[in-house]
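Undergrad: Got a structure for you, written out below as structure tokens; questions coming shortly.
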Amino acid sequence: MTKLKIGILSYRSAPFGGGQGIYVRDISKALASLGHSVDVISGEPYPELCSNVKLIKLPGMNLFETFSFRDRLKKFIKSPKSISNIQEFVSTLFGGFPEMRSFGKRADSYLQLNSQYDIIIDNQSLSFGMLAIQQRLPFIEIIHHPITMDLKHDLETNGKILYWLSRKRWYSFLRMQKKVAPKINNIITVSKSSKRDIVNDFKCNDVNISVVHNGLDTNIFKPHEDIKRHKYRLITTASADVPLKGLDFTLQAIAELNHNIDIELTVIGKMKEGGHTSRLIKKLNLNKVVNFKTNLTKEEISIEYAKSSVAIVSSLYEGFGYPVIEAMSCATPLIAARTSSIPELVGDHATLIESRSSTALSGAIKDVFNNYDEYKTKAYEGRRHVIRHFNWNKISKEYEDIIVNNIKKFNNADIQL
């Protein structure tokens, strides 16, 4: 039985925030569990990986560790004065996000000297360096969803010209991604919804795109029968001030209910002090009602679900909604927006409502509270649905099949596993 040497590229892999570090940990663990040798080649911040997965660090300047000009200048002064670093510093100084382009150059240089891999998998940098790597090695690009969707929903929230200009500058890396994506030969995405958006927004050939759902460890995300659910406690996952997550509509629904119900909301995410969400919470008089929690482990998040009676996903868009399957796996009754990939993931096992409607959300919350036994039964059916369709054993085998086929095509030869 042939075992493969797999390299997974990740331009940044924060272990708790943003989802990328979590995905890299999960997919590397899943492929290693099949007996393959897996290296994660990552820029800063670095992921926390399983003991049988090797971390190879490709440090850059990590300019987004801070937003202080003085601190960024110190980082630049200490770094090698390469053309790439100079370009990255200048782009960051003027409001851009150049990490993906810079990481692509570093990864390409590293792999020119370390070409022992059977296949390289890149986690959504879509940088020019990936095209060079694709010429030399079997290669797969992971695109969770096109970031054009983030920009679209971001611009919808604020019509001020200075905000529009700053957002267009921040997302300027999309010009690179739109050039790179159509030239990638092998793409994996996480939902049929994302595939449609990649074809439409990045102009990729749909025959080059395979759909493989993300997986979940249902032994971690599980019901905790020994923990009592708080009757009127809700839970949601959202990075505050990220319009895509639709947190505004959840807060507005909570404000509508707060007049008659002793309600509380736990938000898995970080609130930006003085930001839009902070101001909205104050305006709606929800300071004592809403509690943000951040830097939680998976086990701790599972416990937060166990303490809550209802989970809410009010996102405007989800390429693949981890919070959807996390809530279902924990058998917490789920209310979610009927948008993008969410109906594809939940089937008949959640309450789907119109997106962008706080009234529809508050009405659905009241219905769950008033008929809780019925929704609790549906929630346990939802957990069985997750176990059947989103377990890593099933999904890792799907990845393995695609990997082997890509190696065969690249080498024009058979490989036996």
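The values are calculated or read from the model by the stated rules, or taken from the named source; none is laboratory data. These numbers were taken from a predicted model, which means no experiment stands behind them. Note that each Cβ is placed from the backbone with ideal geometry, even for glycine, and that neighbours are counted across all protein chains shown.
Undergrad: Report, ordered by the first and then the second residue, all pairs with beta carbons closer than 7 Å, sequence separation of six or more or different chains, a first member in the range 12-41 that is closer than 19 Å to I395 by Cα, and a second member that is part of a loop (DSSP other than H, G, I, E, B) and among the acidic types (D, E).
TA: R25/E48
Undergrad: Among what's in the range 303-317 and is closer than 11 Å to F221 by Cα and out of contact with any helix residue (DSSP H, G or I) (no Cβ under 8 Å at 6 or more places or on another chain), pick the residue that is surrounded by the most Cβ atoms within 10 Å (Cβ to Cβ). Steps first, answer last, please.
TA: Pass one, the range 303-317, residues closer than 11 Å to F221 by Cα: 303-306.
If we keep only those that are out of contact with any helix residue (DSSP H, G or I) (no Cβ under 8 Å at 6 or more places or on another chain) too, we end up with 303-304, 306.
On the way: I303: 15, E304: 22, A306: 20.
Among residues in the range 303-317 that are closer than 11 Å to F221 by Cα and out of contact with any helix residue (DSSP H, G or I) (no Cβ under 8 Å at 6 or more places or on another chain), the one surrounded by the most Cβ atoms within 10 Å (Cβ to Cβ) is E304.
Undergrad: Would you call I325 farther than 21 Å from A253 by Cβ, buried (at least 16 other Cβ atoms within 10 Å of the Cβ), in contact with a strand residue (DSSP E or B) (Cβ under 6 Å, 6 or more places away or on another chain) and in the same structural domain as H36 (by TED's automatic domain parsing)?
TA: No; evaluated as a whole, the condition is false for this residue.
Undergrad: What number of residues within the range 293-336 satisfy the criterion of being part of a loop (DSSP other than H, G, I, E, B), among the aliphatic types (A, V, I, L, M) and over 20 Å from E374 (Cα atoms)?
TA: 2
Undergrad: Any residue in the range 224-244 that is over 23 Å from W170 (Cβ atoms) sitting within a Cβ distance under 6 Å of a residue that is outside any loop (DSSP other than H, G, I, E, B) and among the β-branched types (V, I, T)? List the pairs, counting only those 6 or more apart or interchain.
TA: Sorted first by the residue in the range 224-244, then by its partner, the pairs are L234/V310; L234/I312; I235/T266; T236/T250; T236/V267; T236/I312.
Undergrad: Yes or no: L352 assigned to a loop (DSSP other than H, G, I, E, B) and hydrophobic (A, V, I, L, M, F, W, C)?
TA: no
Undergrad: Next up: Test I335 against the criterion of being β-branched (V, I, T) and surrounded by fewer than 20 Cβ atoms within 10 Å (Cβ to Cβ), and give yes or no.
TA: Details: β-branched (V, I, T): yes; surrounded by fewer than 20 Cβ atoms within 10 Å (Cβ to Cβ): no.
Here the answer is no, as I335 does not meet what is asked.
Undergrad: Give the residue that is farthest from the chain's Cα centre (by Cα), with candidates limited to residues of the range 1-33 that are farther than 24 Å from E318 by Cα and surrounded by fewer than 17 Cβ atoms within 10 Å (Cβ to Cβ).
TA: Residue satisfying both the conditions and the ranking: M1.
Undergrad: Those residues that are farther than 20 Å from Y23 by Cα and touching a residue at least 24 places away in the same chain (Cβ under 8 Å), I need them from the range 321-339; list them, please. Write out each step before concluding.
TA: Of the range 321-339, the ones farther than 20 Å from Y23 by Cα are 331-339.
Result: A331, T332, P333, L334, I335, A336, A337, T339.
Undergrad: Right, another one. Kindly establish whether N219 is closer than 27 Å to K192 by Cα, out of contact with any helix residue (DSSP H, G or I) (no Cβ under 8 Å at 6 or more places or on another chain) and free of Cβ contacts under 8 Å to residues at least 12 places away in the same chain.
TA: Here the answer is yes, as N219 does meet what is asked.
Undergrad: A follow-up question, please. Would it be correct to say that I402 is under 29 Å from the mean Cα position of the chain (by Cα), over 21 Å from K29 (Cα atoms), in a helix (DSSP H, G or I) and among the β-branched types (V, I, T)?
TA: no
Undergrad: What's the total number of residues in the range 107-130 that are within 23 Å of the chain's Cα centre (by Cα) and closer than 27 Å to I86 by Cα?
TA: Selection size over the range 107-130: 10.
Yes/no matrix, rows are residues, columns are (1) aliphatic (A, V, I, L, M); (2) surrounded by fewer than 21 Cβ atoms within 10 Å (Cβ to Cβ); (3) free of Cβ contacts under 8 Å to residues at least 40 places away in the same chain:
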position: L284; (1), (2), (3): yes, yes, yes
position: N287; (1), (2), (3): no, yes, yes
position: N291; (1), (2), (3): no, yes, yes
position: N295; (1), (2), (3): no, yes, no
position: G319; (1), (2), (3): no, no, no
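Undergrad: Could I ask something else about it? Got a number for residues in the range 180-210 being in a helix (DSSP H, G or I), of a type in the set (S, T, N, Q) and either surrounded by fewer than 18 Cβ atoms within 10 Å (Cβ to Cβ) or not assigned by TED's automatic domain parsing to the domain that holds A132 (or both)?
TA: Summing the residues that are in a helix (DSSP H, G or I), of a type in the set (S, T, N, Q) and either surrounded by fewer than 18 Cβ atoms within 10 Å (Cβ to Cβ) or not assigned by TED's automatic domain parsing to the domain that holds A132 (or both) in the range 180-210 gives 2.
Undergrad: Oh, and also: Over 23 Å from L31 (Cα atoms) and surrounded by 15 or more Cβ atoms within 10 Å (Cβ to Cβ): which single residue out of G382, G347 fits that description?
TA: None of the other options fit; the residue is G382.
Undergrad: Would you check which residues across the range 194-216 are without any contact (Cβ under 8 Å) to a residue 60 or more places away in the chain and not β-branched (V, I, T) and list them?
TA: K195, R196, N200, D201, F202, K203, C204, N205, D206, N208 - these are the residues of the range 194-216 that are without any contact (Cβ under 8 Å) to a residue 60 or more places away in the chain and not β-branched (V, I, T).
Residues are listed down the side, and each one gets a yes or a no for (1) on the phi < 0 side of the Ramachandran plot; (2) loosely packed, with under 14 Cβ neighbours inside 10 Å; (3) modelled with pLDDT under 90; (4) not aliphatic (A, V, I, L, M):
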| residue | (1), (2), (3), (4) |
| --- | --- |
| I41 | yes, no, no, no |
| E44 | yes, no, no, yes |
| E48 | yes, no, no, yes |
| K54 | yes, no, no, yes |
| G60 | yes, no, yes, yes |
| T66 | yes, yes, yes, yes |
| R70 | yes, yes, no, yes |
| P80 | yes, yes, yes, yes |
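Undergrad: How many residues are surrounded by 15 or more Cβ atoms within 10 Å (Cβ to Cβ) and free of Cβ contacts under 8 Å to residues at least 40 places away in the same chain when one looks only at the range 160-179?
TA: Counting residues in the range 160-179 that are surrounded by 15 or more Cβ atoms within 10 Å (Cβ to Cβ) and free of Cβ contacts under 8 Å to residues at least 40 places away in the same chain gives 3.
Undergrad: Right, another one. What's the total number of residues in the range 38-58 that are over 18 Å from F97 (Cβ atoms) and either among the aliphatic types (A, V, I, L, M) or in contact with an Asp or Glu (Cβ under 9 Å, 6 or more places away or on another chain) (or both)?
TA: Of the residues in that region, 9 qualify.
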